[in-house]
């Protein structure tokens, strides 16, 4: 099929939308979390996320034209903060239905049974179910004049990620995280790695004109000869496969079971350790916060950031009563430790 622009514009609108939306290929799937100044949370699914740069770390996304009310856009402009949360297979269906046109007074978190997660140092809500989360601050809001869409660019303020998905070189293993990708508006696919290439250097460019030998052909580079007949195992595609027998099968089953149980224990320790670190960060932040009164055990307090003074302060006034930048709400326990509240 070969079509010119004039032909494309004559297509049925829905047909054209699906084809053009999917022709650019697979795209990542993310949930953008926002919150109004009054504390109402919002969540929406996006597939137009793009890497802008690493120094400083910038990420962009495309917002559709403002011909109708866009709650996500309004909240970002109002507060300046939002979160990006990777979507995994485990909650894909819930994530997909955040695209429903709920009224502004309805939180997609509640309607789609997803859990808002608040960081003590960040305004907008994360998605608790996501294992890869990014907190961003609005840097630029650019109109794409060709069609009225907007390129929103944010600077990364913090990241929250399960460390088991981060490789030693910093690469994130999205397959291990069970990430999903999408073509068009609703055709989702699994993320699967199949090959890793080295960094492309001019001195290491292969000779692509030289024919490569198939994988099942055994060739000795040192002697420049084929040596399949000298090997003690089959090398062609028709050779019988090697199967474990006897105790090997029992060993493999037992080892797999042990590894699974051991991994679960390690994950539990990691989770408890992370909870301890989070508790320390909350208490460290609150005990360094400006207080003009002595907090009472069991009382709810609200943490705000003062743009005028450039520092945090604690107050009894709930976030719904004024438009100060709300960071989080906390309660003082009997042992003089602070715990974060979900409001």
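The values are calculated or read from the model by the stated rules, or taken from the named source; none is laboratory data. Since the structure is predicted, the reported quantities are computational estimates derived from the model, not experimental observations. Positions of Cβ are backbone-derived with ideal geometry, glycine not excepted, and every protein chain shown enters the neighbour counts.
Tabulated data for the structure shown
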| quantity | calculated |
| --- | --- |
| Residues of the range 16-45 satisfying the condition of being part of a helix (DSSP H, G or I) and either touching a helix residue (DSSP H, G or I) at 6+ places or on another chain (Cβ under 8 Å) or modelled with pLDDT of 85 or more (or both) | 16, 19, 20 |
| Those residues of the range 99-126 which are under 16 Å from the mean Cα position of the chain (by Cα) and closer than 17 Å to residue 49 by Cα, in sequence order | 126 |
| Odd one out for residue 76 among (1) buried (at least 18 other Cβ atoms within 10 Å of the Cβ); (2) touching a residue at least 60 places away in the same chain (Cβ under 8 Å); (3) assigned to a loop (DSSP other than H, G, I, E, B) | (3) |
| Residues of the range 106-118 satisfying the condition of being touching a helix residue (DSSP H, G or I) at 6+ places or on another chain (Cβ under 9 Å) and in contact (Cβ under 8 Å) with a residue 40 or more places away in the chain | 108, 109, 112, 114, 116 |
| Positions within the range 278-287 being loosely packed, with under 13 Cβ neighbours inside 10 Å and at pLDDT below 85, in sequence order | none |
| Test: residue in the range 40-51 that is without any contact (Cβ under 8 Å) to a residue 40 or more places away in the chain, in contact with a strand residue (DSSP E or B) (Cβ under 8 Å, 6 or more places away or on another chain) and exposed (fewer than 14 other Cβ atoms within 10 Å of the Cβ) | yes |
| Given (1) assigned to a loop (DSSP other than H, G, I, E, B); (2) surrounded by 17 or more Cβ atoms within 10 Å (Cβ to Cβ), number of the condition residue 330 does not satisfy | (1) |
| Selected residue (only one of 303, 275 is part of a helix (DSSP H, G or I), surrounded by 10 or more Cβ atoms within 10 Å (Cβ to Cβ) and under 27 Å from the mean Cα position of the chain (by Cα)) | 275 |
| Sole residue being surrounded by fewer than 20 Cβ atoms within 10 Å (Cβ to Cβ), more than 18 Å from residue 342 (Cβ to Cβ) and either in contact with a helix residue (DSSP H, G or I) (Cβ under 6 Å, 6 or more places away or on another chain) or at pLDDT 95 or above (or both), chosen from 161, 153 | 153 |
